[in-house]
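Beneath this line is the structure, given in structure tokens, with notes to follow.
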Amino acid sequence: MLLHTRAAVLRTTGVETLCCRPDAALTVQADRECDVVVLCHSLHKERCTALAEAVHAAWPETRILLVTTDRAWGQADVEPAVDAVTPSDPDRLIVRTKQLLRRGEGAGAERRMDS
């Protein structure tokens, strides 16, 4: 449910959005080469880090966005593997995703926590 809700939020911007479970993420990325991969706070940090590292290794231009909640679950351990971190608030998710999409166009968003 959460996955589809976040995808619906991002679709409001007109961005083509795909959603998949973590075990299918690399296959989907290989087929579609998405510009931004959004990882959910519900993933265990080891799985999150592994996915981010695998995507960056195979597709260096793809940006990784980690969505967090108020209950930090150790994302500091994951942050080096991702390009940006944002709270789960829908407005912030949209802004941060747009920033990462512009990075590929030369706008260069900083790698930092959105606050």
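FYI, it's all coordinate maths here, none of it is from the lab. All of these numbers come straight from a predicted model, not from anything done at the bench. Backbone-built Cβ (ideal geometry, glycine too); neighbour counts: all protein chains shown.
Residue order for LEU3, LEU26, fewest other beta carbons within 10 angstrom first, comes to LEU3, LEU26.
For ASP89 and LEU18, FRET efficiency with R0 = 25 Å and r from the beta-carbon atoms, rounded to 0.05? Don't skip to the end; give the middle numbers.
On the way: r = 22 Å, r/R0 = 0.87.
Rounded to the nearest 0.05, the efficiency is 0.70.
log₁₀ I(q)/I(0) of the stretch 2-103 at q = 0.12, 0.14 Å⁻¹, via Debye over equal Cα point scatterers, no solvent, to two decimals? The Cα Debye sum returns log10 ratios of -0.33, -0.46.
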